[in-house]
Every structure is written in C-alpha cells, then in structure tokens.
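To start, the structure under review is shown below, and the notes come after it.
The values are calculated or read from the model by the stated rules, or taken from the named source; none is laboratory data. Just so it is clear, the model here is predicted, and its values are computed rather than measured. So basically every Cβ, Gly included, is an ideal-geometry build from the backbone, and we count neighbours across all protein chains shown. Ligands, DNA and RNA are stripped out before the accessible areas are found, and what is left, the full protein with its side chains, is counted by its heavy atoms. Shrake-Rupley method; radii C 1.70, N 1.55, O 1.52, S 1.80 Å.
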Amino acid sequence: MTTGNSAQQAPQLGAVKWWLISVAALIAIMVLVGGATRLTESGLSIVEWKPVTGALPPLTEAQWTRAFEGYKTIPQYRELNAGMSLVDFKTIFWWEWSHRLLGRVIGMVYLLPFLWFLWRGVLNAELKRRLWLVFGLGALQGAVGWWMVASGLSQRVEVSQYRLATHLVLALVIFATVVWTLRRMRERPQAVVPSRLKVTGAVLLALTFLQIYFGALVAGLRAGRVYNTWPEIDGALIPSAARLFFEEPWWRNLFDNTLTVQFEHRMTAYALLSLALLHAIDVVRSRAGGAVISGAWWLAAAVLLQATLGVLTLLNQVPIDLALAHQAVAIVVLTLAILQVERLAARRMESDQQKRVLPLGQPG
C-alpha cells in the first residue's frame, strides 16, 4: 500500500516527459532553421543583439530602412551583396529573425514549466541537477550565438567556421542532454551485454558528434561547393599530403583548408558507417536482447541513409533541400546513437516514485 502522494506524482511526471519531448522537438527544429539561415546566407542580416526588444521585427518602412542601413555597414553587404534591394534584404532578414525568435520561444517553453515543476516539488534531486544543467547550457548558447554572429560583422564576409561549429555542437549537446534525461526517467530491466558493446556504442556517439562538428566546418567554409566528385576527391581517393597539409602550422589545415576539411568529413563518415555495421552484427552475435539489436540496426540504417544523402548533396553542389535533409537525418542519427548508449549503460538508480514512496510502516 502506498501513500496518496504517489497517485499524484505519476501524471505530473508524465507532464514532465511531454514537456521535455516538446523542448527536444523545438531544438531539432531550431537546428534546421539555423541550417537554412546558413544556406541562404542570412545569418548576418541583423547586426545588433537585442535579447528583449529584438523580438519585434521592423514594423514601419522607416524601421526597415534603418535595419537595412545597419546591414550595409558590414563587409558582407559591401563585398557580396552590394546593390541588394530592400525586398531582397527582407528575405534574408526574416530567416535570421525567425531563427532568433525560435531561440526565445525555446527559452520560454523551457523556463516557465521548469519553474512550475520546481515549485510543485515534482522533480527529484538528480532530475533537478540535469535540468539546471540544460538551463545553463541554454543561456550559454544564446551568448555563443551572438559571439558567432559578431565574427562576421567587421573583418569577414561570413561567420567564423570555428564559432559556427561550436554553436551547432552546443545546440546538439543540449538536445542530447534532454533526450538522455528523458530516457533515464524510464525504468527497464538491466541489459546484460559484453563490455565491448558499451564501448562501441559510446564510440559511435562520440564519432557522431565529431562528424557533426566536421560537417559544420564544411558548411562554414562552403567546402561542399568544391571537389564535387565521389568517391574520388581532388582526382584521387586520398589526396596528396602536399595538398592536404600546405598551411602552417599543419594543424590549421584540419580547420581552414577546404580540401582537408571535406576529406576528414568523408573519412569520418566511412568510419562511422563501418563501426555502426560492425556494432549491429556484434549485438546480434552476442544475443544482446531485442531492444539493443533493433536499436543497433536502426542506427546503422540511419547512418547509411545519412551517408547517401551526403554524397547526393555533394554531387549536386549543396541544394538547400538535400542539405537540410542531410542535416535532419544527422539529428536522427544522433538521437538513435544516444538511445543505444542509454540502453547499454549500466542501470540504474531507483525511480522517482520508489525514492519518494515507501510501504506504510516501513521506516524512511
């Protein structure tokens, strides 16, 4: 027999789960809108950071003119878009404004229910720690977003690829933390699997993040618009070292050389696909259980689809529809990798309900 409090906790924890699902979905949409903003060269159209008043777009012709005049002061306008009409400016403005507005929406959708659940005492200590971490990362992400935009306002015609990659990866770290938190709210039996499966699952997740980082560098350098052949790149399967490492110091090539960045993105994709297939075969041979086996095969299938979309995007010189599909499937791959690691992870602390509710007569 349990206390009456347990009957109230279950629906409230259900509300927490739906709230976190909504937050994760909004973050995924945010990443795609950010990708479209990058592909349409819209990210520098708003040259000020106004966290509160910036939520309102220009409402009068005078305000639009003022915003356009601000854009005309930066190098991107002078070197790439000189002579742009106000109508064309409005198109890129709306992309960037929508991206920033969605960030504000996510902040409100996260913060207000979070405060409500804290006030109601629904969250246990572990859940509070994770959700405060998400809140802190979200606040940091807003600052990183402006840090990224600021890199393109004075000396460059685009944002720094380093800062772009940091901005994207941080968004997906927040997404991953939310998804992981959701999964850890569920109770399932411990999966007994060999340690190597846990290792390969973790390596797959790490490789996925690394591949996303390299993909952001490719986007930042527009490296997908050059070397548009496959499987060869620059006339060979493996370009010459002289072409891959001509900048000094050598490590700058990993981030600044368009050939090297695209090559490392390709090689990481091959490694990720190979490891995903080997992991799927291994979990079958290890009889790791239905959920782990199906999770491994879904992950391998998603990685294969992602690689295929990557090749098509490259061969067609990055059309926006294929590029966004490529980015969307990257989020799917990341989600499946997180779920697989969580299935394989050592279990588990007792549920929130078990922590809070004890049989009558049993001392706490």
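Observations
- V203 being β-branched (V, I, T) and open to solvent by 40 Å² or more (accessible area, probe 1.4 Å): yes
- Considering the range 41-82, the residues that are more than 22 Å from Q155 (Cβ to Cβ) and of a type in the set (V, I, T) include one that is nearest to the chain's Cα centre (by Cα), namely V52.
- Counted as qualifying within the range 58-139 are the helices (runs of 4 or more DSSP H) with 3 or more residues that are within 30 Å of V178 (Cβ to Cβ) and open to solvent by 50 Å² or more (accessible area, probe 1.4 Å), namely 86-120.
- For L44, the conditions (1) at pLDDT 95 or above; (2) closer than 19 Å to R100 by Cβ are fulfilled apart from (1).
- Of all residues making up the range 80-128, the number that are among the acidic types (D, E) and either without any contact (Cβ under 8 Å) to a residue 24 or more places away in the chain or more than 18 Å from K50 (Cβ to Cβ) (or both): 2
- Inclusion of P239 among residues that are open to solvent by less than 30 Å² (accessible area, probe 1.4 Å), farther than 27 Å from T37 by Cβ and assigned to a loop (DSSP other than H, G, I, E, B) is warranted.
- Considering the conditions (1) without any contact (Cβ under 8 Å) to a residue 60 or more places away in the chain; (2) part of a helix (DSSP H, G or I); (3) of a type in the set (A, V, I, L, M), I212 is excluded by exactly one of them, (1).
Results for (1) surrounded by fewer than 18 Cβ atoms within 10 Å (Cβ to Cβ); (2) under 27 Å from E126 (Cα atoms), shown as yes or no for each residue.
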{"position": "V159", "(1), (2)": "no, no"}
{"position": "V178", "(1), (2)": "no, yes"}
{"position": "L182", "(1), (2)": "no, yes"}
{"position": "S195", "(1), (2)": "yes, yes"}
{"position": "V199", "(1), (2)": "yes, yes"}
{"position": "F209", "(1), (2)": "yes, yes"}
{"position": "I212", "(1), (2)": "no, no"}
{"position": "R222", "(1), (2)": "yes, no"}
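- Residue within the range 163-178 that is outside any loop (DSSP other than H, G, I, E, B) and under 29 Å from S286 (Cα atoms) present: yes
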